[in-house]
Amino acid sequence: MVFGWGKKKEETEKATLAQEIRISEIIHALEEHKKSRQDRAAQESKPRFETIKKEIQSIFRIINNLKDDDLNLDDVDNRIKVIAVRGKAEIVETITKEAKTTIPDVRNYESMLKCTEVCSHILKKIGDVLGKNSRIVHIFAKKYANDLKAHLETVTTNHQIILKMIQEIKDFESSENIIKEKIANMTSLSEELLTKISGLAKHKESLKQYENLIADTEKKLQELKSSKEYAQFLSLQSNLKRLDEERNRAYKEIDDEFSKISRPLGKYVYVTSLDKQLKVLLESLIQTPSGTLEATKKDAILTILESCMKGVISGTVSVKESEKTVGQITHLISILDQLIRKKEEHEKKIRAAKEQAGSFDQNHFVDLEKRLSDAKEDLDNTTSKIRSLESEIEQQTRQSEHLLEELSEILYKTLGRKYVVVK
């Protein structure tokens, strides 16, 4: 083994290791790197600008010589001579003007950009005028052409190198903007994640509260259901249900009896001379006989039935079978007391059963059941929200990790070294 070889290998391996960098440190690192590149570019451009200045002055001296040169145009066709003289004058005027343009000194990157702008303008003007009059130069001023070409190539080469340095910094700034955008996205995503994680914790706390409320309410309901009072309440409810069914049958019997004479009563409404109060009662009897029939209204109902029967007999109330109708009304009148009594007996039984409700607090029981139902609904809704938030957090966490990887990759490409980006 060569002495020291192992140590060199170890140092190389350490150099290739990725360095940790926090998101909050990236912008500063980029700014420092950009400033370093800008300063280096400014320094490296100085001698190139000096070369450009010298070359432009050399071009100016060549043009001065061209200015005083008659180009041996005496024997040339007058039309061509005019074109050559005009072209020469344009070249001399333009390049003389551009050569006198002051190119600022390079102090920093900003002044380097200004210098580049000025040089670009000068080079374009010189290039344009020589390009426009290229044939004149090569035919009549051939002895100047090669020198002009050589100096222009030197200017162009240095100018292009400077432009390349600037473009590299612009490319860096473009990458810098992408990195800043990703950092902004990362920051926004992190804030959103924190909000959702906080919301998730609150929902989980609410979930525990709902679970405790459900357990407590179920316990109270079970205690109520196990009590003697609840057993009595259930017995009462069963009895009330049976009594309701009996009352409904009694009501149906009343409705059925009145339905037999519903047609004559319906026609009697339009021909009756009864007073307003009795007419309202008649309309009620037609609509809901069982609900209208009461002992307090018996006399009035009898008056209505008897009047209707007289109308049928006299023909005022037109029916197909008047004798049958009279018989039905007569039968209804004869059982009216019985129907009223049966209805009142059922109502009395129901009232008596309700009075036997005992000490069981039905409202409290109903409130507990509603509380249990609401708590279960809230539990289901909260569980659904928790699942949704957990899914979103998982997805955004992956997105966050992917953004960190992207940042590491673009930092490597931009800064030329490996970084592991951490929050």
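Highest mean first, the peptides 112-118, 272-278, 146-152 sorted by other C-beta atoms within 10 Å per residue fall in the order 112-118, 146-152, 272-278. FRET efficiency for the pair Ser314 and Lys349, taken as 1/(1 + (r/R0)^6) with r the Cβ-Cβ distance and R0 = 35 Å, rounds to 0.25. Each Lys or Arg adds one and each Asp or Glu takes one away; over the other residues whose Cβ falls under 14 Å from the Cβ of Val317, this sums to +2. Each Lys or Arg adds one and each Asp or Glu takes one away; over the other residues whose Cβ falls under 11 Å from the Cβ of Gln362, this sums to -3.
Karplus-based coupling profile of segment 243-258, in residue order and whole Hz: 5, 4, 5, 5, 5, 4, 5, 5, 4, 5, 4, 4, 4, 5, 5, 6, with θ = phi - 60° in 6.51 cos²θ - 1.76 cosθ + 1.60 and x standing for Gly or Pro.
Between Val420 and Gln19, Glu20, Ile21, the built amide H atoms are under 5 Å apart, and every one of these is 5 or more places off in sequence or on another chain.
In the chain, taking the dipole from charged Cβ atoms about the Cα centre, the farthest positive-side position among Val271, Ala145, Ser307 is held by Ala145. The 3J(HN,Hα) values that the Karplus relation (6.51, -1.76, 1.60; θ = phi - 60°) gives for segment 209-220 are, in residue order, 5, 5, 4, 5, 5, 5, 4, 5, 5, 4, 5, 5 Hz. Gly and Pro appear as x. For segment 193-331, the solvent-accessible area with a 1.4 angstrom probe is 62 square angstrom per residue. Each part gets one Cα centre, and for segment 199-254 versus segment 113-171 those centres are 97 Å apart.
Largest GNM mean-square fluctuation among Thr383, Thr187, Thr288, using the chain with Cα springs under 10 Å: Thr288.
Along segment 383-395 the Karplus relation, 6.51 cos²θ - 1.76 cosθ + 1.60 evaluated at θ = phi - 60°, assigns HN-Hα couplings of 4, 5, 5, 5, 4, 5, 5, 4, 5, 5, 5, 4, 5 Hz to successive residues, with x for each Gly and Pro.
Label positions at Arg61 and Lys370, each projected 7 Å from the Cα along the C-beta direction, are separated by 10.6 nm. The translational diffusion coefficient of segment 92-214, from Stokes-Einstein at 25 °C and 0.890 mPa s with a Kirkwood hydrodynamic radius over alpha carbon pairs, comes to 122 µm²/s. Can you work out the base-10 log of I(q)/I(0) for segment 316-405 at q = 0.16, 0.19, 0.22, 0.24 1/Å, using the Debye formula on its C-alpha atoms alone? Calculated log10 I(q)/I(0) at the listed q: -0.89, -1.00, -1.06, -1.11.
Summary of packing: across the peptides 189-200, 400-411, the per-residue average of other C-beta atoms within 10 Å ranks them, highest first, as 400-411, 189-200. Largest first and in whole Å, the equivalent-ellipsoid semi-axes of segment 9-161 read 49, 15, 12, each the square root of five times a Cα gyration tensor eigenvalue. Subtracting the Cα-Cα distance of Asn212 and Glu31 from 0.36 nm times their residue separation leaves 59.6 nm of extension gain. Cα convex hull, segment 230-353: 95 Å³ per residue, rounded to a whole number. With each label modelled as a point 7 angstrom along the Cα→C-beta vector, the Ala150-Lys297 pair spans 13.0 nm. Between Gln356 and Glu173, the contour length at 0.36 nm per residue exceeds the Cα-Cα span by 57.0 nm.
When a 1.4 Å probe is rolled over the protein heavy atoms, the share of accessible surface on the chain that falls to carbon and sulfur comes to 49 percent. For the chain, a simple Cβ point-charge model (Lys and Arg +1, Asp and Glu -1, everything else neutral) yields a dipole of about 820 debye relative to the Cα centre.
Panel values: the chain, Kirkwood radius from alpha carbon pairs, Stokes-Einstein at 10 °C and 1.306 mPa s, translational diffusion coefficient 46 µm²/s.
The amide H of Asn108, built 1.01 Å from its N in the peptide plane, has no neighbour under 5 Å, considering only residues 5 or more places off or on other chains. Counted residue by residue at 0.36 nm each, then reduced by the alpha carbon distance between them, the extension gain from Lys413 to Glu50 reaches 127.4 nm.
The values are calculated or read from the model by the stated rules, or taken from the named source; none is laboratory data. Note that this is a predicted model, so its numbers are computed, not measured. Cβ atoms come from the backbone with ideal geometry, glycine included; neighbour counts cover every protein chain shown. What goes into the accessible areas is simple: the full protein's heavy atoms, side chains included, and nothing from ligands, DNA or RNA. Shrake-Rupley method; radii C 1.70, N 1.55, O 1.52, S 1.80 Å.
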